[in-house]
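Student: Shown below is the structure under consideration.
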Ligand code: 26Q
């Protein structure tokens, strides 16, 4: 990294501000200061960035390419400064000029090119690949509009476009010289030219894919990787083919919007086109770059690993085959061997409605040659199993069935590795959802429990707590998060516990100020801050949380003098625009919030805050201030979860079902330091098998539950005539698919235990400390190191001295 001193930084910053905007520091707007700072920061790592990728080729290093249709990096400024080792110097330098890093940082618009967990995981992995010194690249789409901006109007979610590029994004560099052509649509015929079968395309659209590269700075290791996002443009030679605005739109729209549905598959042709577009562009650029290695294509899997993040880039398998066959003229068998050795696939869900299946006709429309290749892979797969497995097995597992292409089957058959994202999730894949494939290819299956970028989620987001940790165990944890474990030695040290409590309190004061400023709601930092932040989905059961809140409210109305520790319930959640039920839950939460926050008998004993537009930057404000982390999905439904890890790392205690990575959190902190409740995996699977669950029984037999549910339909909660009935019906008439009523009593009981525990602050802080100390096990640095060793077979740089 370029060396810097405070003096040099101040000089450089002023010089660039004057050059770029002809302004003095005191006259510049925050966005001008921000852009200037970006240019200083970029100049600090640009030499290393160039060296990093050149060294890969020079040293014949194997590289991984992480293909993901979503990346959710959030803001890059502070995280880059931290990783470069420049944070303190720049913060002080800015202060010397009368400026604040915090304020300038707020001028950065979040890069929100993802929906939630899967996209954020991809970005945590990018940070960790670089920080582990690994040769790793991202490959994705540069959407013109990020995930919609959420507003509430009368309690309803409204979606506004997220035009994140209006100010330009100066972290990325457009590389016209590395553009590739992607062919889509038209027809294809194979002709035998005497040497091989040559595909002849007719009437295909040629789309120019232009890469925008962003440097991903490793943590103090002089290593900068690349995240490459593709934009779709009309090639200069093809301008005449697109004479009208609508024609041009057809191309430009390809990379215009991110699909806002998560955990719910929708078979839209534009989505399929996006999938092929970034897959083809990425694979073409990899094969082109491989030439620099001067090695034969029959060895490409020794130098290239390609990772398929969920099935969205599953066409990687067919596109790689297409290039090896049609352009490089390898034999099928040789090409197939290289493909399987190169590809690996992560599954992120077991929910049937989220599994991608595309009609053959759609694939044919998007890329007829790719369909041909998939059909041939499928034919050979069935042929190979014929006689070895019964017909039923073959029909169940083949790629094409009933006119549909199953993308998960393509990814599994075309990869040497298939992994789940938490122990329980992998177990469910092996025993249940993908059991046939597990039987067929047991060696391909493995678990890689998710992890998080501890640098962003603790060092950047929570400087107060970071300082306390430094003072207690030194700073080594900043390089190796497992060292956080040393905190456990101080579990009974009252001084340390008090300091942890003070850091939390000061973060809660900050969040309370923010809430006041954003919503006008006044909350007390002495209340329990109880947090649920994640996409809004029925299986995540925000509704269970809401029923618990309504119960507390009704109890307080019965007995307003009741002594209780004040509670503040904070929600952050976006619903997919087409997900009607999720939007109804948002409306109900907002109306319950209105009712409670404006009821004078409640005073400040209970407050409900639903913050708008949840995303990475808002998460960085909320998480450090959390006391309680709600991880209450129906067991088996949440593949892993990652907000559970972020909250634990920041000293929140988890209220959890035995689902996803919650189980591993429990295993690390022990039963005394987490609040577990509810149905287990086996209970849920049993109910789903024997259909013995009748939600109405729980309503009929529990007067408390009756009263809470009636509040949704009898006017107690105002302004939800429609939504209240919808929710009531979903729980009672449609038999409560996610067992909300079944888990209600256990949940209430557990929340009572939480409040009792909180009353003894020292005991509470001890549990917080144990959670922080054990969160190091969920570092994405370790997760990625396992992918590198066990799946990708890539090696790290020799570590350099921290700067
Ligand atoms: C698919 C087809 C068409 C349109 C949209 C989609 C689509 C988009 C996004 C399907 C799924 C997603 C996102 C899924 C996701 O975020 N899954 C989460 O992944 C996390 C990281 O592994 C886990 O921690 C969560 O448990 C899982 O829900």
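Student: So residue 212 passes all but one of these: (1) loosely packed, with under 14 Cβ neighbours inside 10 Å; (2) within 30 Å of residue 2 (Cα to Cα); (3) out of contact with any helix residue (DSSP H, G or I) (no Cβ under 9 Å at 6 or more places or on another chain). Which condition number does it fail?
Tutor: (1)
Student: Checking the structure you have, find out if any residue of the range 553-565 is under 33 Å from the mean Cα position of the chain (by Cα) and modelled with pLDDT of 95 or more.
Tutor: So far as the range 553-565 goes, no, none of its residues is under 33 Å from the mean Cα position of the chain (by Cα) and modelled with pLDDT of 95 or more.
Student: Oh, and also: Any idea which of (1) within 16 Å of the ligand (Cβ to nearest atom); (2) under 15 Å from residue 229 (Cα atoms); (3) surrounded by 21 or more Cβ atoms within 10 Å (Cβ to Cβ); (4) touching a residue at least 60 places away in the same chain (Cβ under 8 Å) is the one residue 145 doesn't satisfy?
Tutor: (3)
Student: Given the condition within 16 Å of the ligand (Cβ to nearest atom) and either surrounded by fewer than 20 Cβ atoms within 10 Å (Cβ to Cβ) or on the phi < 0 side of the Ramachandran plot (or both), answer yes or no: does some residue in the range 327-339 qualify?
Tutor: No, the conditions are met nowhere in the range 327-339.
Student: For residues that are out of contact with any helix residue (DSSP H, G or I) (no Cβ under 6 Å at 6 or more places or on another chain) and either surrounded by 15 or more Cβ atoms within 10 Å (Cβ to Cβ) or at pLDDT below 95 (or both), tally how many sit in the range 171-180.
Tutor: 4
Student: Check the range 361-372 and report whether any residue there is within 16 Å of the ligand (Cβ to nearest atom) and modelled with pLDDT under 95.
Tutor: Checked against the condition, which is being within 16 Å of the ligand (Cβ to nearest atom) and modelled with pLDDT under 95, the range 361-372 yields no hits at all.
Student: Taking only the range 33-52 into account, find how many residues are surrounded by fewer than 18 Cβ atoms within 10 Å (Cβ to Cβ) and within 25 Å of residue 342 (Cβ to Cβ).
Tutor: 0
Student: Residue 104: buried (at least 19 other Cβ atoms within 10 Å of the Cβ) and either within 22 Å of the chain's Cα centre (by Cα) or away from the ligand (no atom under 16 Å from the Cβ) (or both), yes or no?
Tutor: Yes; evaluated as a whole, the condition is true for this residue.
Student: Right, another one. Name the helices (runs of 4 or more DSSP H) wholly within the range 624-741 that hold at least 1 residues that are within 30 Å of residue 347 (Cβ to Cβ) and within 16 Å of the ligand (Cβ to nearest atom)?
Tutor: 643-649, 662-669, 681-690
Student: Scan 81, 72 and give me the residue that is more than 24 Å from residue 320 (Cβ to Cβ) and either within 16 Å of the ligand (Cβ to nearest atom) or assigned by TED's automatic domain parsing to the domain that holds residue 218 (or both).
Tutor: 72
Student: If you take the residues in the range 234-271 that are touching a strand residue (DSSP E or B) at 6+ places or on another chain (Cβ under 6 Å) and part of a helix (DSSP H, G or I), which one is farthest from the ligand (Cβ to nearest atom)?
Tutor: Checking each candidate, the answer is 238.
Matching residues to (1) out of contact with any strand residue (DSSP E or B) (no Cβ under 9 Å at 6 or more places or on another chain); (2) surrounded by fewer than 19 Cβ atoms within 10 Å (Cβ to Cβ):
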{"residue": "539", "(1), (2)": "yes, yes"}
{"residue": "554", "(1), (2)": "yes, yes"}
{"residue": "559", "(1), (2)": "yes, yes"}
{"residue": "564", "(1), (2)": "no, yes"}
{"residue": "567", "(1), (2)": "no, no"}
{"residue": "596", "(1), (2)": "no, no"}
{"residue": "613", "(1), (2)": "no, no"}
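Student: Please go through the range 17-28 and give me each residue that is without any contact (Cβ under 8 Å) to a residue 60 or more places away in the chain and either closer than 19 Å to residue 217 by Cβ or loosely packed, with under 13 Cβ neighbours inside 10 Å (or both), ordered by number.
Tutor: Within the range 17-28, 19, 22, 24, 27 meet the criteria.
Student: Would you check if residue 666 is over 16 Å from residue 534 (Cα atoms), without any contact (Cβ under 8 Å) to a residue 60 or more places away in the chain, assigned by TED's automatic domain parsing to the domain that holds residue 515 and surrounded by fewer than 21 Cβ atoms within 10 Å (Cβ to Cβ)?
Tutor: yes
The values are calculated or read from the model by the stated rules, or taken from the named source; none is laboratory data. These numbers come from a predicted model, not from an experiment. Virtual Cβ from ideal backbone geometry, glycine too; neighbours counted across all protein chains shown.
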